[in-house]
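The block underneath contains the structure these notes are about, expressed in structure tokens.
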Amino acid sequence: MAAGDGEPEPAVQQRPQLQSKNVCVVGGGMAGLAAARELRREGHAVTVMEQSGDVGGQWLYDPAPTRGLVPSASSAYASLRLRTPREAMGFSDFQLLPRDGAGRDPRRFPGHREVHCYLRDFCAAFGLMDAVRLNTRVVRVAPTSTATRQWAVRSVRRLGGPEDGARAEEEEEEAVFDAVVVATGQYSHPVLPSGIEGAGEWRRRQLHSHLYRTPEPFRGEAVVVVGCGDSGTDIALDLRRVARVVHLAAGSEASTPAVSRMVANHGDVLRLHPRARRLHADGRVSFDDGSSVVADTVIYCTGYGYSFPFLDTGGAVAVGDGGCVVGPLFEHVFPPSLAPSLSFVGVPRKVLVPWFVEAQARWVAQALSGRRALPPEAEMVRAVEEHLRAREAAGVPRKHAHHHINGIDKMIEFMEEHGGLTPMEEWKEELLLSSVASMCDDLETFRDRADDGESVRKGLQGWRGGLAAQAQHEAMDAAAEAEADGLAMDD
């Protein structure tokens, strides 16, 4: 019925008025930069606090594993290379394209320096560096005492002093923010195995892979590498070039065909053993099968836990199970009782990065602005409990609570649903899956094999030389010119 015929017109549904928040992002690595970019896009004011002297997080290689008494924040070793092809490892609108220049690495599976350069390029292209406070360590994040939910963030900024940082001049500051995004990464809190006896009495060298950089200090030694994951196999292959012998100790589940082939290829140096059981005072390391070897050094490639020593939520968020579980977190992002003003980006393991953290960051930004609504608190709590029960019923160890185990399709489904990202192109998915298959076949050569199918070859042509690639190159050239102009003005 038309207006004026006695019936009121139906009410027009109003879109929610978007809110702009003042947000602190803790961490300037890949997850933190993704959060900063998405928050700004949504209209929020952003401050990124990064404890190192540059952005990049784990990809900011530090040749010194410690500075004085302070361990490096990065776990990267000199030989570290990607295990994911660069074509499938870029932000949705900023690809990890090969670029010319000193120190750049055009390989499909480049080293850590190339990824750091890429993240610097990302910052330049989206103008993020002006939001980043470097050399700034967050020491406390806690709710304010006001009625409105805000957060007091206390930080300490290193102003200068000795390079080791032991007696550097520092400045403490506290500021209040509407929201905090925790994006401190997963690889800074080493986990040591609890099942190896005698470690406290063993007088020879022991270290976690977090402190490993190059093989040279172990030249001529007998080294036991505990753990057979990504870092364990990488470091064992690194060491075999200089060590007298490398003993790789791993559980039966880690003795894959690829590991067996790697050991067989270097049988003169590499030896495969079951789990390490005990370290003896005379320098022996014994294994579950009763055998033993004499070693000069033990390197623990036993993974990392979560640690947020700065976070004070009164128990609303806690780290448990030996540092392996953060909770409760709805979809690994939001603590139900504190959402959306407190969130975590980058907690899940075994996911595609930076795609996955980009989707998480966009979800956080839109939840804070009001563009996307979160479920009620009770519903989020129930979802977390159901997730943990389902994992337990499936026989997944509690320590893998944040591991993505449902395959690439479910991962992409999350990115589409919560981040609004477009599906991964079929050729990229084919390349990703073929790379995983190659890695499972041969850990040494998979990065340098070129056996692409026809669809991948066609996709690569557009990826390297298409309009999107050209636009990205032009944006980077413009950002480089602007940076050069800025430096010239400073001079």
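Candidates are the residues of the stretch 436-449 that are assigned to a loop (DSSP other than H, G, I, E, B) and touching a residue at least 40 places away in the same chain (Cβ under 8 Å); the one that is surrounded by the fewest Cβ atoms within 10 Å (Cβ to Cβ) is E444. As for the stretch 264-276, it holds at least one residue that is among the basic types (K, R) and closer than 18 Å to I196 by Cα.
Scanning the stretch 136-177 for residues that are modelled with pLDDT of 95 or more and under 24 Å from S75 (Cα atoms), we see that the one that is surrounded by the fewest Cβ atoms within 10 Å (Cβ to Cβ) is V139. Residue-level analysis places L433 among those that are loosely packed, with under 13 Cβ neighbours inside 10 Å and either in a helix (DSSP H, G or I) or not small (G, A, S) (or both).
Of everything in the stretch 49-92 that is buried (at least 17 other Cβ atoms within 10 Å of the Cβ), among the hydrophobic types (A, V, I, L, M, F, W, C) and under 26 Å from F308 (Cβ atoms), the residue that is farthest from the chain's Cα centre (by Cα) is M49. Looking only at the stretch 92-141, which residues are assigned to a loop (DSSP other than H, G, I, E, B), of a type in the set (A, V, I, L, M) and within 30 Å of E170 (Cβ to Cβ)? Listed by number, the residues that qualify are L128, L134.
Might you check whether a residue that is of a type outside the set (A, V, I, L, M, F, W, C) and at pLDDT 95 or above occurs anywhere in the stretch 29-36? Yes, there is a match, as at least one residue in the stretch 29-36 is of a type outside the set (A, V, I, L, M, F, W, C) and at pLDDT 95 or above.
Restricting the search to the stretch 178-198, which residues are surrounded by 16 or more Cβ atoms within 10 Å (Cβ to Cβ) and over 30 Å from G43 (Cα atoms)? Matches in the stretch 178-198: Y187, S188, H189, P190, V191, I196. Just so you know, in the stretch 333-376 the residues that are aromatic (F, W, Y) and out of contact with any strand residue (DSSP E or B) (no Cβ under 6 Å at 6 or more places or on another chain) include one that is modelled with the highest pLDDT, and it is W363. Do we have V319 as without any contact (Cβ under 8 Å) to a residue 24 or more places away in the chain, under 30 Å from T136 (Cα atoms) and either part of a loop (DSSP other than H, G, I, E, B) or outside the structural domain of T233 (by TED's automatic domain parsing) (or both) here? Considered against the rule, which asks whether it is without any contact (Cβ under 8 Å) to a residue 24 or more places away in the chain, under 30 Å from T136 (Cα atoms) and either part of a loop (DSSP other than H, G, I, E, B) or outside the structural domain of T233 (by TED's automatic domain parsing) (or both), V319 comes out as yes. If you scan the stretch 262-283, which residues turn out to be over 14 Å from V223 (Cβ atoms), of a type in the set (D, E, K, R) and out of contact with any Pro (no Cβ under 9 Å at 6 or more places or on another chain)? D268, R277, R278, D282, listed by residue number.
Identification of helices (runs of 4 or more DSSP H) wholly contained in the stretch 323-423 with 1 or more residues that are buried (at least 19 other Cβ atoms within 10 Å of the Cβ), without any contact (Cβ under 8 Å) to a residue 40 or more places away in the chain and assigned by TED's automatic domain parsing to the domain that holds A147 yields 355-369.
Listed by position, the strands (runs of 3 or more DSSP E) inside the stretch 164-211 whose residues that are assigned by TED's automatic domain parsing to the domain that holds A45 and more than 30 Å from D288 (Cβ to Cβ) number at least 2 are 169-177, 179-182.
When G198 is tested against (1) at positive phi; (2) within 22 Å of the chain's Cα centre (by Cα), only condition (2) is not met.
In this structure, is V317 buried (at least 20 other Cβ atoms within 10 Å of the Cβ) and either on the phi > 0 side of the Ramachandran plot or of a type outside the set (S, T, Y) (or both)? Against the criterion (buried (at least 20 other Cβ atoms within 10 Å of the Cβ) and either on the phi > 0 side of the Ramachandran plot or of a type outside the set (S, T, Y) (or both)), V317 qualifies. Would it be correct to say that G459 is in contact with a Lys or Arg (Cβ under 8 Å, 6 or more places away or on another chain) and modelled with pLDDT of 75 or more? Answer is yes for this residue.
From the list A258, A264, A236, the one residue that fits, being under 19 Å from R83 (Cα atoms), outside any loop (DSSP other than H, G, I, E, B), in contact with a Leu (Cβ under 9 Å, 6 or more places away or on another chain) and without any contact (Cβ under 8 Å) to a residue 40 or more places away in the chain, is A236. For V246, the conditions (1) at pLDDT 95 or above; (2) assigned to a helix (DSSP H, G or I) are fulfilled apart from (2). Just one of (1) over 28 Å from G346 (Cα atoms); (2) of a type in the set (S, T, N, Q); (3) buried (at least 21 other Cβ atoms within 10 Å of the Cβ) trips up Q206, so point out which. If we test Q206 against (1) over 28 Å from G346 (Cα atoms); (2) of a type in the set (S, T, N, Q); (3) buried (at least 21 other Cβ atoms within 10 Å of the Cβ), just (3) comes out false.
Let's see how each residue does on (1) in the same structural domain as W202 (by TED's automatic domain parsing); (2) more than 32 Å from the chain's Cα centre (by Cα); (3) among the hydroxyl-bearing types (S, T, Y); (4) surrounded by 17 or more Cβ atoms within 10 Å (Cβ to Cβ):
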position	(1), (2), (3), (4)
R244	yes, yes, no, no
R261	yes, no, no, no
N265	yes, no, no, no
D268	yes, yes, no, no
R275	yes, no, no, yes
D282	yes, yes, no, no
S286	yes, yes, yes, yes
G290	yes, yes, no, no
V294	yes, yes, no, no
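The values are calculated or read from the model by the stated rules, or taken from the named source; none is laboratory data. Here the structure is a predicted model, which is why all the values come from computation and not from measurement. Neighbour counts are summed over all protein chains in view; Cβ atoms, including those assigned to glycine, are modelled from backbone coordinates with ideal geometry.
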